[in-house]
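Okay, structure first, notes after.
Each reported figure results from applying straightforward, stated rules to the coordinates on display, with no laboratory input. These figures come from a predicted structure and were not determined experimentally. Here the Cβ positions follow ideal geometry from the backbone for every residue, glycine too, while neighbour counts run over all protein chains shown.
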Amino acid sequence: MPYPVVHVLFFWFCVSAVAVYAIAKAISRRELSLKDSKKLLLLMFVGGLCTLFPDITAVYNLFVNGNLEHCSIGPVPTHSLLFSSTAILFGMLVGYAAYRNLNKALYMAIFAGSAFLTHLLLDDISEGGCAYLYPLYNNHISVFSIMDTGFAEAGLFKYLTVSFVSVFCVFIVILMALFALNRFEFEFSYMTKK
Ligand SMILES: [Zn+2]
């Protein structure tokens, strides 16, 4: 499993790369106010913390049982879409506490959900899958392994379906972060040349 620092850095610098670019640009132009900095720190805090939520039980087990077992709370796998509700709820509470606005709370929840899901994707790459669909399907599924489905053995239809679904899963996670960042004043637009 990737270690916590990797999860946090991956979310900040890879999934939220566009925000890093925008912040670097604002700093270089000396356009970043103290108020803006506080908002950015809040986003970094929520994103960074929520990307660690799937391994939350490691902290408990380290102190209580002396091991780093980190994959479940009771019968519930923490590396699942079901458990992402904890990050979504946390993001919503922090967003509401900071902005006193339901829409902003919702966008923070989406951002937190994206951060959580990037953890599952990284673990998927390194460990070969997660129990994404628990309790509907309890076995591990690997988004990245199914990308390896060959055209010759699977047939055209299955090959195209698997390719689309696996890439779409990653796309949705990145899009959630981009959408939320856009709602937190990061502007993305297409500039037409006149
Ligand atoms: Zn993990």
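Computed over every Cα-Cα pair of the stretch 128-192 and binned at 10 Å starting from 0, the pair-distance distribution P(r) comes out as 18, 32, 28, 18, 4 percent.
For the chain, the Cβ-based charge dipole about the Cα centre amounts to some 1120 debye (Lys, Arg positive; Asp, Glu negative; other atoms uncharged). Helical runs (DSSP H, four residues minimum) scored at -39500 (n - 2.57) apiece and divided by the length of the chain put the mean residue ellipticity at 222 nm at -20500 deg cm²/dmol. Report the normalised scattering of the stretch 4-183 as log10 I(q)/I(0) at q = 0.10, 0.12, 0.19 Å⁻¹, calculated by the Debye formula with identical scatterers on the alpha carbons. One equal scatterer on each Cα of the stretch 4-183 leads to -0.45, -0.63, -1.26.
For the chain, modelled as a GNM whose springs connect Cα atoms under 10 angstrom apart, the maximal fluctuation among 75, 54, 135 occurs at 75. When the Cα positions of 4, 22, 48 are compared along the charge dipole of the stretch 1-61, 22 comes out farthest toward the positive end, with charges on each C-beta of Lys, Arg, Asp and Glu. Remark on residue 72: its backbone amide H falls under 5 Å from those of 78, a criterion applied only to residues 5 or more positions apart or on other chains, H modelled at 1.01 Å from N.
Cα-Cα over 27 Å: which of 25/104; 35/193; 38/193; 39/194? It would help to have the intermediate numbers written out before the result.
Working: 25/104 24 Å; 35/193 33 Å; 38/193 35 Å; 39/194 35 Å.
Flagged as over cut-off: 35/193; 38/193; 39/194.
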